[in-house]
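As structure tokens, the structure follows; a few thoughts come after it.
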Amino acid sequence: MLYSKIKDRGKLIVGTSADFPPFEFMVQKNGQQVPTGADMTLAKKLAKGLGVKLQVKNMSFDSLLVAQKSGKVDVLLAGMGATAQRRKTVDFSVPYYHGKETLVIKAADA
């Protein structure tokens with residue numbers, strides 16, 4: 001159903017919160033702010049694979065799930081962890097990045 005909607009419209013609408021480098025962040029290009037980063041590269045590949053144009057909607061992180069649920073965007077690409085609460089309202093892809101936190105200090109300070 002979503003696939004047909006995207007194909008008929010000729011455009012994949014991706015929601016993001018472009019404040020999480022290196023995954024999504026804003027850069028100045030030709031006098032305009034445009035979203036870029038690893039997730040935006042993925043968005044371009046998804047649109048190309050579907051044979052449609054890409055439209056990215058940059059919004060606050062807190063509004064992403066509402067935008068997806070209400071149909072304002074087709075998919076979300078936004079460094080979002082798949083918590084139990086979020087899984088109640090949306091489907092998540094297979095994780096494509098597993099991050100962990102690391103503390104680095106000088107050996108002399110150990």
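The values are calculated or read from the model by the stated rules, or taken from the named source; none is laboratory data. Here the structure is a predicted model, which means the values were calculated and not measured. All Cβ positions, even for glycine, are placed from backbone atoms using ideal geometry, and neighbour counts span all protein chains on display. Remember, those area values only see protein heavy atoms, side chains included, never the ligands or the DNA or RNA. Shrake-Rupley method; radii C 1.70, N 1.55, O 1.52, S 1.80 Å.
Scanning the range 85-110 for residues that are of a type outside the set (A, V, I, L, M), farther than 21 Å from Thr41 by Cβ and in a loop (DSSP other than H, G, I, E, B) yields Lys88, Thr89, Asp91, Lys100, Glu101, Thr102, Lys106. Among the conditions (1) farther than 20 Å from Lys5 by Cβ; (2) in contact (Cβ under 8 Å) with a residue 24 or more places away in the chain; (3) surrounded by fewer than 14 Cβ atoms within 10 Å (Cβ to Cβ), the only one that Asn30 does not satisfy is (2).
Scanning the range 49-69 for residues that are in contact with a strand residue (DSSP E or B) (Cβ under 8 Å, 6 or more places away or on another chain) and not hydrophobic (A, V, I, L, M, F, W, C), we see that the one that is most open to solvent (accessible area, probe 1.4 Å) is Lys53.
If we scan the range 17-26, do we find a residue that is open to solvent by less than 60 Å² (accessible area, probe 1.4 Å) and farther than 21 Å from Gly99 by Cα? So far as the range 17-26 goes, no, none of its residues is open to solvent by less than 60 Å² (accessible area, probe 1.4 Å) and farther than 21 Å from Gly99 by Cα. Applying the condition of being touching a Phe, Trp or Tyr at 6+ places or on another chain (Cβ under 8 Å) and of a type in the set (D, E, K, R) to the range 1-46 and asking which residue is nearest to Leu76 (Cα to Cα) yields Asp39. Scanning the range 85-110 for residues that are within 19 Å of the chain's Cα centre (by Cα) and hydrophobic (A, V, I, L, M, F, W, C) gives Val90, Phe92, Val94.
Within the range 87-110, being over 16 Å from Phe23 (Cα atoms), open to solvent by less than 80 Å² (accessible area, probe 1.4 Å) and out of contact with any helix residue (DSSP H, G or I) (no Cβ under 7 Å at 6 or more places or on another chain) holds for one residue alone: Phe92.
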